[in-house]
1. Give the residues of region 15-42 that are closer than 24 Å to THR105 by Cα and either small (Gly, Ala, Ser) or not in a helix (DSSP H, G or I) (or both), sorted by residue number.
2. Of (1) within 16 Å of ligand 2 (Cβ to nearest atom); (2) under 23 Å from PHE128 (Cα atoms), ALA68 satisfies all except one. Which?
3. Inside region 171-182, can you point out the residues that are surrounded by 17 or more Cβ atoms within 10 Å (Cβ to Cβ) and either in a loop (DSSP other than H, G, I, E, B) or in contact (Cβ under 8 Å) with a residue 60 or more places away in the chain (or both)?
4. Just need a number here: residues in region 69-83 that are within 16 Å of ligand 3 (Cβ to nearest atom), in a helix (DSSP H, G or I) and surrounded by fewer than 22 Cβ atoms within 10 Å (Cβ to Cβ).
5. Take the residues in region 146-170 that are under 19 Å from the mean Cα position of the chain (by Cα) and part of a helix (DSSP H, G or I), then tell me which one is nearest to LEU114 (Cα to Cα).
6. How do the pairs read when you match residues in region 75-86 that are within 6 Å of ligand 1 (Cβ to nearest atom) with residues anywhere that are modelled with pLDDT of 95 or more and not hydroxyl-bearing (Ser, Thr, Tyr), using Cβ under 6 Å and keeping only pairs 6 or more apart or on different chains?
7. Hey, could you check region 183-192 for residues that are buried (at least 19 other Cβ atoms within 10 Å of the Cβ) and touching a residue at least 40 places away in the same chain (Cβ under 8 Å) and say which is farthest from MET150 (Cα to Cα)?
8. Tell me the residue from LEU71, LEU84, LEU114 that is among the hydrophobic types (A, V, I, L, M, F, W, C) and at pLDDT below 95, please.
Amino acid sequence: MLNRLQYISQGATIEDQLFNIHQALDHGCDWVQMRFKTAESTTELLKLAEATKMLCDEYLATFIINDAVLLAHEVDADGVHLGLTDMGIPEARSILGTSKIIGGTANTLEDILLHVSNGCDYVGLGPFRYTKTKDKLSPILGIEGYKNSMEQLKLQQIKTPIYAIGGIQLEDVSEIIATGIHGIAVSGLITESISKTKLITQLNEKLYGYVLV
Ligand SMILES: Cc1ncc(COP(=O)(O)OP(=O)(O)O)c(N)n1
Ligand SMILES: Cc1nc(C(=O)O)sc1CCOP(=O)(O)O
Ligand SMILES: [Mg+2]
C-alpha cells in the first residue's frame, strides 16, 4: 500500500532543496517527491536526484521525481509524478516498467478517469485551496470538489489511491480523509514548520487514524 503522506520538496538552490529534504526525512517523512523547478541545468537536477536517492535509501523512504521520467530511470528512483502536460503515463510506463510508481495530476473527474485507464498508481487531485507553491493553479476544488469526485469513484468501484494537494493545513486533514481520499501531498506545510516532528506525527495520526510508534 502507498504511504499516506508525500512531502514535495522546495528550495531555490540545490543546497536549500537538500536541506529541506533532509529535514523532512529526519523528522519522519517516508515519501519524498523531488520538485526542483528552479534548477538551472539538467546537471543540477541530476546532482540533486543522486543526493536525494542516497538520502531516501538511508532513511528507507520512497523517492519519486516530479516531471522527469528519464532522470527517474537514470537514478533508479521509485517513480515519477506527471502533470497533465508532462509525458503521458503509457510512455512513462514503457520506460520505467511495472515496478515503479507513476502518479498523475488531476483537477476533474475526467482527468482521474483518464489516468486510471492509463494505469497510474495514484492520482494527485488538486488544488484543495490557493497555494503560493505552484503558479498557474487549476480551479480550486475545496472539500465539496473532493466529496463529488470521491462519490463518483465509489459508484464506479475505482480504488486507485487519490491524494489531496494544494494549500493543505493540519486542520484540513480529517475532513479530507473523511471523503475517502487516501492521503495528502504537502510542501509548504512541512518546509515552513518549526516543529516538524510534532507536525508529521500529528499528520500521520490523522491520516492513519492511530498513533504511530
Ligand atoms: C502528488 C502531486 N499531485 C499533483 C502535482 C502537480 O503536478 P503538475 O501538475 O505536473 O505540476 P508541477 O508540480 O509540475 O508544477 C504534484 N507535483 N504532485
Ligand atoms: C505542486 C502542486 N500541485 C498542485 C495541484 O493542484 O496540482 S498544488 C501544488 C503545491 C503543493 O504545495 P503546498 O502544499 O505548499 O500548497
Ligand atoms: Mg509537472
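1. ALA24, CYS29, ASP30, TRP31, VAL32, GLN33, MET34, ARG35, PHE36, LYS37, THR38, ALA39
2. All conditions are met except number (2).
3. Here is the first cut: in region 171-182, the ones surrounded by 17 or more Cβ atoms within 10 Å (Cβ to Cβ) are 172-173, 176-177, 179, 181-182.
Across region 171-182, the qualifying residues are THR179, ILE181, HIS182.
4. 2
5. Kept after step one, since they are under 19 Å from the mean Cα position of the chain (by Cα), are these residues of region 146-170: 146, 149-150, 159-170.
Next, from what is left, pick out any that are part of a helix (DSSP H, G or I): 146, 149-150, 170.
Values: TYR146: 17, SER149: 13, MET150: 15, LEU170: 30 Å.
Within region 146-170, the match that is nearest to LEU114 (Cα to Cα) is SER149.
6. Note: pairs meeting the criteria are HIS81/GLN33; HIS81/ILE64; HIS81/ASN66; HIS81/GLY103; ASP86/ASP67.
7. In the first step, residues of region 183-192 are kept if they are buried (at least 19 other Cβ atoms within 10 Å of the Cβ); the result is 183-187, 189-191.
After this cut, where a residue has to be touching a residue at least 40 places away in the same chain (Cβ under 8 Å) as well, the list is 183-187, 190-191.
Details: GLY183: 13, ILE184: 14, ALA185: 17, VAL186: 20, SER187: 23, ILE190: 26, THR191: 29 Å.
In this case the residue turns out to be THR191.
8. Numbers: LEU71 fails: at pLDDT below 95; LEU114 fails: at pLDDT below 95.
Just one listed residue meets the conditions, LEU84.
The values are calculated or read from the model by the stated rules, or taken from the named source; none is laboratory data. Note that this is a predicted model, so its numbers are computed, not measured. Note that each Cβ is placed from the backbone with ideal geometry, even for glycine, and that neighbours are counted across all protein chains shown.
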